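K.L.:
To start, I am sharing the structure in question, which I have written as structure tokens.
The values are calculated or read from the model by the stated rules, or taken from the named source; none is laboratory data. On a predicted model such as this, the values are computed, not experimentally measured, just so you know. All Cβ positions, glycine included, derive from the backbone under ideal geometry; neighbour counts span all protein chains shown.
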Amino acid sequence: MSVAFLPGVLQTLPQNADYVRILPEIVLSVFGMIVMVLEPLLDEKTGQKILGLIALAGALAGLAATWFMAQVPGVAFWNMIRVDGFSVFFHVLVIAIAAVVILSSYEYMAVQRIRAGEYYALILFGTVGVALMSSAVELVLIFIALEISSISSYVLAGFRRHEAASAESSLKYFLLGSFATAFFLYGVALMFGATGSTNIDLIAQALRAGPIPLLAFVAVALMFVGLGFKVAAAPFHIWTPDVYEGAPAPIVGFMSTAPKAAAFAVLLRVVFVINVHAIFWVIWIAAALSMTLGNVSAFVQDNVKRLLAYSSIAHAGYVLVAFAAAPQLGTSAVMFYTAAYAAMNLGAFAVVTHFANAGERYVTLEDYEGLGRSSPLLAATLTIFLLSLIGIPMTGGFFAKFYVFSAAVKANLIWLTIIGVLNSGVGAYYYLRIIVMMYMRESRKEIPVTPTPLALRVALAVCLVATLYLGLFPGRVLQYAQDSAQQLVPQTSPGVTSSAKVHTATETF
Amino acid sequence: MKTDDLNSIILTLVTFAPLAGGLLLMLLPRRDRDIRIFALVISLLTFVLSLHLPVYFHRSHPGFQYEIDRQWVSTPNIHYHMGVDGISLWLVVLTTFLTPLCVLISWNSIHERVKEFFILLLILETALIGVFTSLDLFLFYFFWEATLIPMALLIGIFGHERKVYAAVKFFMYTMIGSVFMLAAILWLYAHTGSFDFVVIRDQIASGGVPSFPAAAQWLFLGFFLAFAVKVPLFPFHTWLPDAHVEAPTAGSVLLAGVLLKMGTYGLLRFNLGLFPEQARRNASWIMTLALIGIIYGALVAMVQPNMKKLIAYSSVSHLGFVVLGIFSFTQAGLNGAIFVMLAHGISTGGLFMLAGILHERRHTYEISEFGGLASRMPVYAASYLVIVLASAGLPLLNGFIGEFLVLSGAFQDKAVYGILGATGIIWSAVYLLWMYQRVFYGKVTHPVNNSLRDLSGFEKWAVWPCAAAALVMGVAPIMWLGAIDPAVRAALAPFAQVVGKVVGQ
């Protein structure tokens, strides 16, 4: 090595293992760049398909790279990155999401007559951002990762560029999103002011050392605002329906799962590692509001994309219930929930994508009338995803809700649990409306039924298998989540657990 | 295979045989005849398998039998724990008995989406059996919720005019009711570390559950609400008439015959089993609701112009008897309650089939559309008479035994309960016989009824087993009660007021 004569510097230089610890990000970026470079060289028609395949190969290579990354747990790059079970879990999740989204976009692009290779590149870059969010333990790096993923999503949201709605969606997402990330950054700055560090572990140490300064509370609250926007939790959810309605359907599938999962991962690190005490009630209120507002607003939606947007707000609320619960139980419940939600929601959006057809014409509830007859397989698949979203046994959604609520009950959050279970009961109604439309009404319109392309079938099969697997054999995933949650929490444990207990006890009065 | 080996897997076989059949059915080509035959074979096979349960049942043994207990999920600690005792044994057999009849009664009445219909029916059967055989609270909830989907789809796809409204109403009522039960189950798990019914019961009984006294009332109500909606107990009954009137015949049969029993079974198993003290404390208002249900249901049934609605409200009334018996905490009352569940399953199942047969011929349930049918459809009229009399509680038919036991239990508890409950029997005779008279006696008032066909072969095979069962159960109730009684006495043990044996052995 050329720097061998400088032992002092050597210590601070990144080791080889450091690069393995961000191998998935490197692989995804490289494939993204390959797509960008090849795009102008290929002719328009065949190029699309080739680029799609390259992007898919990139996502699969990213999954493989995650395996290598998992072999070298530890910190990298001057404690900015930590590879542990927790980050591996979210890496696998978000990269798998990207793969499924690429698969379900494969035919969509041709049908919508969108010709742009950078679409796939942006998905890969966005995935880099969300993957990095899950392994970053340094607030500034988290912010950068957040920006990488957000900027990709802003552009992707506007990809149906002939449609005014899509442009509106993109612009709205951009303006509000920048505003929200500014909040996050402000929180980071205040946290630095309060503790003199931007490293999560050092912050935790500093906060444990003495009484927590008011500034730190404000900082955590501001960070919560920024991340709450990303996960579409009420009252930071206003953007969701408009953006989801206008953005391309596969991208909505992506936006509603991957960045959300990553934002939840960051929230887990921030909230549980720094302290839950400060914002227990903030989370409590956000959870109750998200569930209730999401479900109530979804009741009256006629556009399926908007309906699923409100449903995603409600689901963010369920996840926040777990946040309000005790650290360890809550963490594994959040992890399981994001995985199950990703499987079922991506699946639902894949069906919506296919059914919407050119120009996304068929997205209202009425259009789904008689789908059970005209394409029984597609309808049956969507039904399973919807049942999972309701939380019916045998589906992943059931165990997801189950773990969340049992965590909440264990933490004695009885009222929040009651609000939650009531919501999940009432929320069944609007998912049921879609099923009713598909099976119990006769079609009144002529809607062309196009055969399901292979790529979409694969995407649906992956989601279906994941949904049913999590619903029938949840043990393994949950065990993994619990193990990695244990790695995450102990560094803070005594202080956090006791303060959480104090607060949860007060909630039950 | 030795009986011992079979004993440990028989419940799994009985529970999942219909599901396996349903999955196989998905692979069959859409030839309606083959599908019907296949569904019939599967449901008959399940019935034959389920007969193993009463045949090898140790009648004097009060605890759970044919138990199987394997871990399903490690965290949380969920077990695949199944078993039946005298309370659930016959409900399983009732389910497997009614399902082949449902297949037969739907043989010619379902023409469209035949495959889907029978797949849903078989899946529903699995879920229903699972509810009665689960001894793990989680597993129970799992099957409990799983009954919702096929039933709602059966109503919503194959029902009559207002089917969607009825299906959604049914789904939402039961769904919202049962989430409270979920919350209660979660609380129990959080404080006992187990979903196992037996473990939780013993732990509560020994006082080993932290902060249980404070929560017990809420837990009791959580379970109670889910079951009360299902029973349905007044005032949670409004979904029932809609669901029944709109459901296809087979759906009504299983709905009245088995689904409603899930509620009363749950009250008996969980509300009494887990919370004896709270059950005692809340008994008076629950019995009041049951009495209101008995009388109100009967009075409303009396004025119904629609035959199916009449039968639906008669269910509200009959299920009131069950709840009355359960919360009398007497041996007679509980024995009677379980017997009424079975008898009601048979007789009301039969009534719904008979109503469905008429609807198929005339496409209406209006009582005023008929009259004088006895002369045109003598076999049908005779079968109807047997079932109506069974339902009205004529001695030597099955309705009488159960109601008699329930009322004697209610009298032992408080005379006024018995007196008010007894009026229910009078009312039921009034509305059923009056309905029978208007439909079958007198002159044929509508010429169109002159040409009505009598029972066809399939219909006979669907209805007559019900009539036969009603008769056998009425003549030899000991065959059933002999297995029920030990379980009842065990269930009453915590109440420490077991009153003299009612059933000779």
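K.L.:
Looking only at the range A:193-216, which residues are part of a helix (DSSP H, G or I) and out of contact with any helix residue (DSSP H, G or I) (no Cβ under 8 Å at 6 or more places or on another chain)? Before the answer, list the steps.
P.N.:
Residues of the range A:193-216 part of a helix (DSSP H, G or I): A:193-195, A:200-209, A:214-216.
Matches in the range A:193-216: A:Gln205, A:Ala209, A:Leu214.
K.L.:
Something else: Any residue at all in the range B:270-283 that's outside any helix (DSSP H, G or I) and touching an Asp or Glu at 6+ places or on another chain (Cβ under 9 Å)?
P.N.:
There is no residue in the range B:270-283 that is outside any helix (DSSP H, G or I) and touching an Asp or Glu at 6+ places or on another chain (Cβ under 9 Å).
For every residue, the table says whether it meets (1) within 22 Å of B:Ile311 (Cβ to Cβ); (2) over 24 Å from the mean Cα position of the chain (by Cα).
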{"residue": "B:Ala374", "(1), (2)": "yes, yes"}
{"residue": "B:Ser383", "(1), (2)": "yes, no"}
{"residue": "B:Ser391", "(1), (2)": "yes, no"}
{"residue": "B:Leu397", "(1), (2)": "yes, no"}
{"residue": "B:Val406", "(1), (2)": "yes, no"}
{"residue": "B:Asp413", "(1), (2)": "no, yes"}
{"residue": "B:Ile426", "(1), (2)": "yes, no"}
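K.L.:
Kindly evaluate B:Leu153 against the criterion of being away from chain A (no Cβ under 11 Å), assigned to a helix (DSSP H, G or I) and closer than 24 Å to B:Leu104 by Cβ.
P.N.:
For B:Leu153, the condition - away from chain A (no Cβ under 11 Å), assigned to a helix (DSSP H, G or I) and closer than 24 Å to B:Leu104 by Cβ - is not met.
K.L.:
Among the numbered criteria (1) in contact with a Lys or Arg (Cβ under 6 Å, 6 or more places away or on another chain); (2) closer than 20 Å to A:Val30 by Cα, which single criterion is violated by A:Ala96?
P.N.:
(1)
K.L.:
Being under 30 Å from B:Val103 (Cβ atoms), crowded, with 24+ Cβ neighbours inside 10 Å, of a type outside the set (Ser, Thr, Tyr) and within 11 Å of chain A (Cβ to nearest Cβ) is true for just one of B:Phe195, B:Phe171. Which residue is that? Give the derivation first.
P.N.:
On the way: B:Phe195 fails: under 30 Å from B:Val103 (Cβ atoms).
Within the list B:Phe195, B:Phe171, the selection yields B:Phe171.
K.L.:
Scan the range B:56-64 and give yes if some residue there is free of Cβ contacts under 8 Å to residues at least 24 places away in the same chain, part of a helix (DSSP H, G or I) and away from chain A (no Cβ under 14 Å), otherwise no.
P.N.:
Looking through the range B:56-64, none of the residues is free of Cβ contacts under 8 Å to residues at least 24 places away in the same chain, part of a helix (DSSP H, G or I) and away from chain A (no Cβ under 14 Å).
K.L.:
Continuing with the same structure: Output the residue which, of all residues in the range B:102-136 that are in contact with a Pro (Cβ under 6 Å, 6 or more places away or on another chain) and among the hydrophobic types (A, V, I, L, M, F, W, C), is surrounded by the most Cβ atoms within 10 Å (Cβ to Cβ).
P.N.:
The qualifying residue surrounded by the most Cβ atoms within 10 Å (Cβ to Cβ) is B:Leu124.
K.L.:
Please find, within the range B:316-349, the residue that is nearest to B:Lys230 (Cα to Cα) out of those that are among the polar types (S, T, N, Q) and at pLDDT 90 or above.
P.N.:
This residue is B:Ser317.
K.L.:
Quick check on A:Ala325: is it of a type in the set (A, V, I, L, M, F, W, C), at pLDDT below 90 and surrounded by 24 or more Cβ atoms within 10 Å (Cβ to Cβ)?
P.N.:
yes
K.L.:
Next up: Could you check, for the range B:76-90, whether at least one of its residues is aliphatic (A, V, I, L, M) and part of a helix (DSSP H, G or I)?
P.N.:
Yes, because at least one residue in the range B:76-90 is aliphatic (A, V, I, L, M) and part of a helix (DSSP H, G or I).
K.L.:
Continuing with the same structure: Say whether the condition of being at positive phi and surrounded by fewer than 24 Cβ atoms within 10 Å (Cβ to Cβ) is met by at least one residue in the range B:383-394.
P.N.:
No, the range B:383-394 has no match at all.
K.L.:
Can you tell me which residue within the range A:201-220, out of those that are surrounded by 14 or more Cβ atoms within 10 Å (Cβ to Cβ), of a type outside the set (A, V, I, L, M, F, W, C) and without any contact (Cβ under 8 Å) to a residue 40 or more places away in the chain, is farthest from A:Val188 (Cα to Cα)?
P.N.:
Looking at the filtered set, the residue picked out is A:Gln205.
K.L.:
Looking at (1) buried (at least 20 other Cβ atoms within 10 Å of the Cβ); (2) within 11 Å of chain A (Cβ to nearest Cβ); (3) touching a residue at least 40 places away in the same chain (Cβ under 8 Å); (4) of a type outside the set (S, T, N, Q), which is the only condition B:Tyr165 fails?
P.N.:
Going through the list (1) buried (at least 20 other Cβ atoms within 10 Å of the Cβ); (2) within 11 Å of chain A (Cβ to nearest Cβ); (3) touching a residue at least 40 places away in the same chain (Cβ under 8 Å); (4) of a type outside the set (S, T, N, Q), B:Tyr165 breaks only (1).
One line per residue, one yes/no per condition, for (1) at pLDDT 90 or above; (2) closer than 20 Å to A:Gly85 by Cβ; (3) not charged (D, E, K, R):
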site: A:Arg269; (1), (2), (3): no, yes, no
site: A:His277; (1), (2), (3): no, no, yes
site: A:Ala309; (1), (2), (3): yes, no, yes
site: A:Leu320; (1), (2), (3): yes, no, yes
site: A:Thr331; (1), (2), (3): no, yes, yes
site: A:Met335; (1), (2), (3): yes, yes, yes
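K.L.:
Look through B:Leu254, B:Leu225 and report the one residue that is assigned to a helix (DSSP H, G or I), modelled with pLDDT of 90 or more, within 13 Å of chain A (Cβ to nearest Cβ) and under 19 Å from the mean Cα position of the chain (by Cα).
P.N.:
Going through B:Leu254, B:Leu225 in turn, just one is assigned to a helix (DSSP H, G or I), modelled with pLDDT of 90 or more, within 13 Å of chain A (Cβ to nearest Cβ) and under 19 Å from the mean Cα position of the chain (by Cα): B:Leu225.
K.L.:
Further, regarding this structure: Hand me the list of helices (runs of 4 or more DSSP H) wholly inside the range A:7-76 holding 3 or more residues that are under 22 Å from the mean Cα position of the chain (by Cα), closer than 20 Å to A:Gly126 by Cα and among the aliphatic types (A, V, I, L, M).
P.N.:
It comes to A:23-38, A:44-71.
K.L.:
Only one residue in B:Leu139, B:Leu128, B:Leu122 is in contact (Cβ under 8 Å) with a residue 60 or more places away in the chain, facing chain A (nearest Cβ under 10 Å) and within 26 Å of B:Trp72 (Cα to Cα), so which one is that? Walk me through how you get there before you give the answer.
P.N.:
Details: B:Leu128 fails: facing chain A (nearest Cβ under 10 Å); B:Leu122 fails: facing chain A (nearest Cβ under 10 Å).
Checking each option against the conditions leaves just B:Leu139.
K.L.:
OK, next. Can you tell me which residue is surrounded by the most Cβ atoms within 10 Å (Cβ to Cβ) among those in the range A:349-368 that are part of a helix (DSSP H, G or I) and either within 15 Å of the chain's Cα centre (by Cα) or on the phi > 0 side of the Ramachandran plot (or both)?
P.N.:
Applying the filter and picking the extreme gives A:Phe349.
K.L.:
Right, here's the next one. Consider the range B:73-82. How many of its residues are more than 8 Å from every other protein chain (Cβ to nearest Cβ) and touching a residue at least 60 places away in the same chain (Cβ under 8 Å)?
P.N.:
Adding up the residues that qualify gives 5.
K.L.:
Does B:Ala184 fit the bill of being free of Cβ contacts under 8 Å to residues at least 40 places away in the same chain, more than 7 Å from every other protein chain (Cβ to nearest Cβ) and either more than 21 Å from B:Thr99 (Cα to Cα) or more than 18 Å from the chain's Cα centre (by Cα) (or both)?
P.N.:
When the stated conditions are applied, B:Ala184 passes them.
K.L.:
Is it true that B:Ala332 is over 15 Å from B:Tyr265 (Cα atoms), crowded, with 23+ Cβ neighbours inside 10 Å and of a type in the set (A, V, I, L, M, F, W, C)?
P.N.:
Here the answer is yes, as B:Ala332 does meet what is asked.
K.L.:
Counting only residues that are without any contact (Cβ under 8 Å) to a residue 40 or more places away in the chain and closer than 20 Å to A:Thr383 by Cβ, which one in the range A:441-476 is surrounded by the fewest Cβ atoms within 10 Å (Cβ to Cβ)?
P.N.:
So, considering only residues that are without any contact (Cβ under 8 Å) to a residue 40 or more places away in the chain and closer than 20 Å to A:Thr383 by Cβ, the one surrounded by the fewest Cβ atoms within 10 Å (Cβ to Cβ) is A:Pro451.
K.L.:
Answer with yes or no whether A:Met80 is in contact (Cβ under 8 Å) with a residue 60 or more places away in the chain and farther than 19 Å from A:Ala262 by Cβ.
P.N.:
no
K.L.:
If you check A:Val426 against the conditions, is it among the hydrophobic types (A, V, I, L, M, F, W, C), modelled with pLDDT of 85 or more and surrounded by fewer than 24 Cβ atoms within 10 Å (Cβ to Cβ)?
P.N.:
When the stated conditions are applied, A:Val426 does not pass them.
K.L.:
Follow-up question, since we're still on this one. Which residues, taken from the range B:236-270, are crowded, with 24+ Cβ neighbours inside 10 Å, over 21 Å from B:Gly350 (Cα atoms) and of a type in the set (S, T, N, Q)?
P.N.:
Answer for the range B:236-270, where residues must be crowded, with 24+ Cβ neighbours inside 10 Å, over 21 Å from B:Gly350 (Cα atoms) and of a type in the set (S, T, N, Q): there is none.
K.L.:
Another question, then. With respect to B:Asp242, determine if the residue is more than 12 Å from chain A (Cβ to nearest Cβ) and either over 24 Å from B:Val323 (Cα atoms) or assigned to a loop (DSSP other than H, G, I, E, B) (or both). First the steps, then the outcome.
P.N.:
Values: more than 12 Å from chain A (Cβ to nearest Cβ): yes; either over 24 Å from B:Val323 (Cα atoms) or assigned to a loop (DSSP other than H, G, I, E, B) (or both): no.
No: the conditions fail for B:Asp242.
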